[in-house]
Amino acid sequence: MAFKSGKDTLVYVGSTDFSSYLSNADVNKTADVAETTTFSDEAKTYIGGLTDGTISLAGFWDATADATLSGLMGSATTSNILIGYDGVDTGDYCNFAKVDATNYGISSPVGDVVAVSVDLQATGGVFSNGYILSNSAVTATGVVGSALDNSASSSAGAGAFVICTSVSGTSPTADIKIQHSADNVSYADLITFTQVTGATSEIKTVDSGTTINRYVRIYNTIGGSSTPTANVIVGFARNS
């Protein structure tokens, strides 16, 4: 058993690392249950229903951070959140979700630091037990990092994200895919992200019922000139 210190947590909002503004991150997952009790039963029975999730962030007020966090309220588009409890290095576990802000608060006590909090409603649920496939500077076309072995295939759906923090070079582009394989030899495309040309973030999903083979990996096609580079974090999570 390996416990983790909360001080190592990193939080990304979109393509920006907000960790230096925050001091707390809470993730809550829930599931509906529907009662199926009949006259012949001696005790109530239930079946599982839809899952849901919320994320709450708290920290300290800063004008730069405020412009982004307060802007999440009432936005016509969802935002992407990544939380890495042991950082976001290759191989680390993480949670991620598409979210809409439901509450943004500022507290200004006379004898203390001005604090902020934001409550976020996940749309499509929170992807937990995610895995950082790679956090690296991509400079060449080909396989990025090592394959992730799940020991068996699955069919309950999945989610994946890409965060590009920066690019460099002349007209850089990065076409990033997640591929899967039954034997770690022959791979097929599973998820194709929107072409990366600058700082951005995106979450994509795989529908339940789709077979996701045992192994997954990243494949990148890089374009541009003058040593085109995309600094990206890519993660993947299977639904259980």
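The values are calculated or read from the model by the stated rules, or taken from the named source; none is laboratory data. Because the structure is a prediction, the values reported are computed rather than measured. Counting neighbours? That spans all protein chains shown, and the Cβs are built from the backbone with ideal geometry, glycine included. Side chains are part of the model used for accessible areas, which takes the heavy atoms of the whole protein and leaves out ligands, DNA and RNA. Shrake-Rupley method; radii C 1.70, N 1.55, O 1.52, S 1.80 Å.
What the phi angles of the range 65-80 give under the Karplus curve with 6.51, -1.76 and 1.60, with θ = phi - 60°, is a coupling list of 5, 4, 4, 7, 5, 5, x, 6, 5, x, 5, 6, 10, 6, 10, 10 Hz, glycine and proline written as x.
Using the Karplus relation 6.51 cos²θ - 1.76 cosθ + 1.60 with θ = phi - 60°, the per-residue 3J(HN,Hα) values for the range 186-198 come to 9, 10, 10, 5, 10, 9, 10, 7, 4, 3, 8, 10, x Hz, with x marking Gly and Pro. Residues whose amide H comes within less than 5 Å of that of ASP92, counting only those at least five positions distant or on another chain, are ILE132 (H built at 1.01 Å from N in the peptide plane). When the chain is treated as a Gaussian network with alpha carbon springs shorter than 10 Å, the biggest mean-square fluctuation among ILE191, ILE132, ILE106 belongs to ILE106. Taking each DSSP H run with n ≥ 4 as -39500 (n - 2.57) and averaging over every residue of the chain yields -500 deg cm²/dmol at 222 nm. For the range 199-208, backbone phi angles converted through the Karplus equation (6.51, -1.76, 1.60; θ = phi - 60°) give residue-by-residue couplings of 4, 6, 8, 7, 10, 10, 10, 10, 5, 4 Hz, Gly and Pro being listed as x.
In whole percent, and with a 1.4 Å probe on the protein chains, what portion of the accessible area of the range 95-233 is carbon and sulfur?
About 44 percent, which is the carbon plus sulfur part of the accessible surface.
Between VAL11, VAL110, VAL185, the residue with the greatest mean-square fluctuation in the GNM of the chain (Cα pairs under 10 Å linked by springs) is VAL110.
For the chain, the per residue solvent-accessible surface stands at 51 Å², with DNA, RNA and ligands left out and a 1.4 Å probe. Which residues does a label at LYS204 reach in the range 144-177, if reach means a backbone N under 12 Å from a point 7 Å past the Cα toward the Cβ? 159-162, 175-177, by backbone N distance to the label point. Each residue, THR64 and SER108, gets one label point 7 Å from its Cα in the Cβ direction; the gap between the two is 2.1 nm.
Using a Gaussian network model of the chain whose springs link C-alpha atoms within less than 10 Å, name the residue from GLY209, GLY223, GLY111 with the highest mean-square fluctuation. Top of the fluctuation ranking is GLY111. Between THR227 and THR51, the FRET efficiency estimated from the beta carbon spacing at R0 = 35 angstrom works out to 0.20.
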